[in-house]
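Heads up: the structure comes next, in structure tokens.
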Amino acid sequence: MKKVELTEAIINAKKEKGLSWEAIADAAGKSVVWTTSACLGMNSFPEDTAHAVLEFLDLPADLVADMTACPHKAWEKAVPQDPLVYRIYEIVGVYGDTLKEIIHEKFGDGIMSAIDFHMDVQKEENPKGDRVVITMNGKFLKYSVW
């Protein structure tokens with residue numbers, strides 16, 4: 001099965017069962033952001049996690065091989081050349097649909113404002129290598145219905 005078809009099967013099972021990404025992540029024993037990203041085909045599942053998700057969603061066990069296959073992380077956009085900007089761009093490419101799914105699930109149909117917005121960048125010292133902590137905080141703007 002192609003990753004696109006696998007993603008469709010997972011999303012359909014999620015909808016049919018009325019599940020949240022959080023519930024699927026709990027069944028997987030992983031974070032909601034990572035689990036959603038993997039379900040959307042942007043990460044590969046470890047075998048035990050694939051089994052747990054398939055069982056939770058009542059999907060065939062023979063899909064494990066497809067879930068554990070390495071994904072092709074590509075999107076059709078112009079790619080920035082600066083390494084730091086490229087990595088942030090890569091994060092949005094890999095996790096953008098995941099963030100969209102989780103934001104819609106928690107807030108409803110809308111967007112995060114880039115006008116009523118602030119961002120913070122902190123350095124977190126870590127013995128394994130210092131960490132970059134980026135916090136984005138934007139007002140949720142619900143789409144109007146008329």
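The values are calculated or read from the model by the stated rules, or taken from the named source; none is laboratory data. As the structure is a prediction and not an experimental result, all values here were calculated from the model. When we count neighbours, we look across all protein chains shown, and the Cβ atoms used for this are built from the backbone with ideal geometry, even at glycine.
Of all residues in the range 116-146, those that are loosely packed, with under 10 Cβ neighbours inside 10 Å, of a type outside the set (S, T, N, Q) and under 18 Å from LYS100 (Cα atoms) total 1. Residue count for the range 45-91 satisfying the condition of being modelled with pLDDT of 90 or more and in contact with a helix residue (DSSP H, G or I) (Cβ under 8 Å, 6 or more places away or on another chain): 22. When MET136 is tested against (1) assigned by TED's automatic domain parsing to the domain that holds VAL4; (2) aliphatic (A, V, I, L, M); (3) free of Cβ contacts under 8 Å to residues at least 60 places away in the same chain, just one condition goes unmet, and that condition is (1). The set of residues in the range 32-87 that are in contact (Cβ under 8 Å) with a residue 24 or more places away in the chain, among the hydrophobic types (A, V, I, L, M, F, W, C) and over 15 Å from ILE10 (Cα atoms) comprises VAL33, ALA69, CYS70.
When every residue of the range 110-122 is checked against the conditions, none turns out to be among the acidic types (Asp, Glu) and either assigned by TED's automatic domain parsing to the domain that holds ILE10 or under 18 Å from the mean Cα position of the chain (by Cα) (or both). Checking the range 92-111 against the condition returns no match, with no residue being assigned to a strand (DSSP E or B), of a type in the set (A, V, I, L, M, F, W, C), surrounded by 13 or more Cβ atoms within 10 Å (Cβ to Cβ) and touching a Gly at 6+ places or on another chain (Cβ under 7 Å). Among the criteria (1) surrounded by 15 or more Cβ atoms within 10 Å (Cβ to Cβ); (2) within 16 Å of the chain's Cα centre (by Cα); (3) of a type in the set (Val, Ile, Thr), the one VAL64 does not fulfil is (2). Of all residues in the range 55-76, exactly one satisfies the criterion of being closer than 22 Å to GLY18 by Cβ, charged (D, E, K, R) and in a helix (DSSP H, G or I), namely GLU55.
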